[in-house]
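I have placed the structure first, in the form of structure tokens, so that the comments after it can refer back to it.
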Amino acid sequence: MAKFLVQKSGPLKGKVKISGSKNAVLPIMAAALLTEEKCEIKDVPALRDVEVMCQLLESLGARVESDLDHNRVTVVSEGSLHFEAPFDLVKMMRASVLVLGALLIRTGRAVIHLPGGCAIGKRPVELHLKGLKAIGVSIDEHQLTRGIIDATAGKLRGNTVYLDFPSVGATEVIMMAAALAEGTTVIENAAQEPEIVDLANFLNKMGARIKGAGTDTIKIEGVEKLKGVTHHVIPDRIETGTFMVAAAITRGNVLLENVVPDHLKAVIAKLRECGAEITMTEEGVRVRGDKRTIVSTDIKTLPYPGFPTDLQSPFMALLTVAKGPSVVIETVFENRFMHVGEFNRMGANIKTNGNCAIIPGDKTLQGAQVVATDLRAGAAVVLAGLVAEGTTEVSQIYHIDRGYEGFVDKLKALGANIMRMDE
Ligand code: UD1
């Protein structure tokens with residue numbers, strides 16, 4: 001199994017170009033199935049999850065040309081598609097469920113075995129199904145008890161759907177199906193993430209009529225047909241936040257290019273509270289951790305525009321070495337503290353109680369053998385390794401490959417002492 005070897009590194013310095021957003025490109029690729037015409041997607045990050053989505057679309061009958069070296073993917077899905085997503089692919093990536101809406105539109109049926117992905121909680125899909133049922137989809141309840149979504153679309157008609165929680169995936173799946181339903185669908189308590197806005201922009205370019213994406217109420221007027229388009233994916237705000245923390249934790253001075261600072265308001269506010277200096281320049285965002293002492297702060301993860309759950313673990317790495325104690329409360333996923341055990345192996349001495357973690361801070365971390373317990377937690381232990389004494393050996397790095405394009409090369413270019421060992 002491949003590993004990362006991370007040594008204590010000095011302050012990271014230089015510039016890093018942020019890649020296109022993983023969480024934006026996956027639903028956009030799924031939405032490309034909504035037309036038989038060619039969709040060209042640019043600024044696509046070269047990631048394992050993107051490769052899996054390419055394979056999934058191909059297995060459904062689409063023609064996919066991926067040139068990930070140049071960050072481009074084209075999708076053409078002429079003719080009839082298969083309605084069943086192969087379990088081998090679905091189990092590798094939870095985001096596979098995003099094809100649900102498009103499959104129902106194109107084939108009238110969708111069969112998907114409930115997906116895997118990061119082990120960070122139950123991650124159910126009842127909200128996706130609630131929304132689809134409201135617009136005319138029938139779900140085989142017996143199959144569902146066996147972990148299989150077997151959905152059949154009757155005549156899809158717009159309706160009002162209230163989401164009990166602003167689920168990102170549910171909002172995306174409902175938006176895709178409603179784009180081609182008859183009449184108007186309103187999603188109340190919709191997710192407001194920038195990736196939802198990017199998907200709505202993509203769909204609107206294709207000819208959809210979606211208003212309100214980025215707010216808690218999205219209104220979708222169904223249209224009869226969508227057309228092929230070219231689209232540039234937004235920058236990855238989670239990769240951005242990870243490199244911001246990397247600059248702060250190593251007391252570095254890093255310019256991040258291809259960033260939308262508005263997507264990171266909560267993260268920037270919290271990094272400033274910790275003593276990092278963040279300035280917006282013409283070329284990008286500069287993060288300096290070398291100006292003041294890095295001090296503790298408390299964090300509570302929330303749906304956007306609150307502090308993102310995906311940056312909870314990278315930020316916790318920073319808090320382990322900050323001056324003073326911090327409290328982190330995770331409200332989005334019920335089981336997202338698996339990295340705590342790994343930080344503790346490095347001497348962080350964090351205590352958890354339910355969804356609350358207490359980080360004493362003021363620690364000099366020690367290199368250790370640790371595990372990337374999920375995608376973001378993997379990046380987080382690498383960041384901790386950059387300031388730990390000695391060597392940190394990170395295993396299960398396939399999680400990191402799922403979501404960070406060129407992670408090692410980007411860190412190395414900033415002066416990090418990190419190496420990949422492929423066995
Ligand atoms: C997306 C992101 C993921 C991020 C998450 C929250 C992608 C590909 N992934 O995941 O990186 O961590 O948003 O920002 O975009 N829930 C229910 N019932 C449902 C659906 C969700 O209870 O039907 C709960 C989940 O268990 C979880 C919470 O809602 O506790 C958030 O899930 P959701 O917003 O759906 O996340 P994903 O779309 O899976």
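Rule-based calculations on the coordinates, nothing more; no lab input. All values reported here derive from a predicted model rather than from experimental measurement. Virtual Cβ from ideal backbone geometry, glycine too; neighbours counted across all protein chains shown.
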>> From the Cα trace of the stretch 255-388, what convex hull volume per residue do you get, rounded to a whole Å³?
In response: 99 Å³
> About its Cα centre, what dipole magnitude does the chain give when the only charges are +1 on Lys and Arg Cβ and -1 on Asp and Glu Cβ, stated in debye to the nearest 20?
Replying inline: 860 debye
> Relative to the longest principal axis of the chain, what angle (0 to 90°, nearest 10) does the C-alpha long axis of helix 237-249 take?
Replying inline: 0 degrees
> Spin-label point model (7 Å from Cα, Cβ direction): what's the D67 to K412 distance in nm?
Replying inline: 2.6 nm
> For the stretch 326-423, what is the charge dipole size about the Cα centre, in debye to the nearest 20, if Lys and Arg each add +1 at the Cβ and Asp and Glu each add -1 at the Cβ?
Replying inline: 200 debye
> How about the stretch 303-376: which GluC sites (Glu not before Pro) there are in a DSSP loop, with at most 14 other Cβ atoms within 10 Å of their Cβ?
Replying inline: E334
> Out of the DSSP beta bridges found with both residues in the stretch 109-246, what percent are antiparallel (nearest 5)?
Replying inline: 75 percent
>> Can you give me the C-alpha center-to-center distance between the stretch 241-260 and the stretch 339-359, rounded to a whole angstrom?
In response: 24 Å
> Between N349 and E334, 0.36 nm times their residue separation minus their Cα-Cα distance comes to what?
Replying inline: 3.3 nm
>> Give the lysines reachable from K227 as a straight Cα distance under 22 Å; neighbours fewer than 8 places away on the same chain don't count.
In response: K38, K42, K155, K205, K211, K219
> Mind checking which of E282, E195, E389 has the largest fluctuation in a GNM of the chain, springs on alpha carbons under 10 Å?
Replying inline: E282
>> Can you return the lysines within cross-link range of K265? Criterion is Cα-Cα under 16 Å, with same-chain partners fewer than 8 residues away left out.
In response: K300
>> Assuming 0.36 nm per residue, please report the length gained on full extension of the stretch V223 to E273 beyond their Cα-Cα distance.
In response: 13.3 nm
> Quick one: length gained pulling K265 to D298 fully straight, 0.36 nm per residue minus the C-alpha distance?
Replying inline: 10.3 nm
> Which is farthest toward the positive dipole end of the chain among L68, F83, V168, measuring Cα position about the Cα centre, with Cβ charges +1 (Lys, Arg) and -1 (Asp, Glu)?
Replying inline: V168
>> Using only DSSP helix segments of four residues or longer, with each worth -39500 (n - 2.57), what per-residue ellipticity at 222 nm results for the chain after dividing by its residue count and rounding to 500?
In response: -9500 deg cm²/dmol
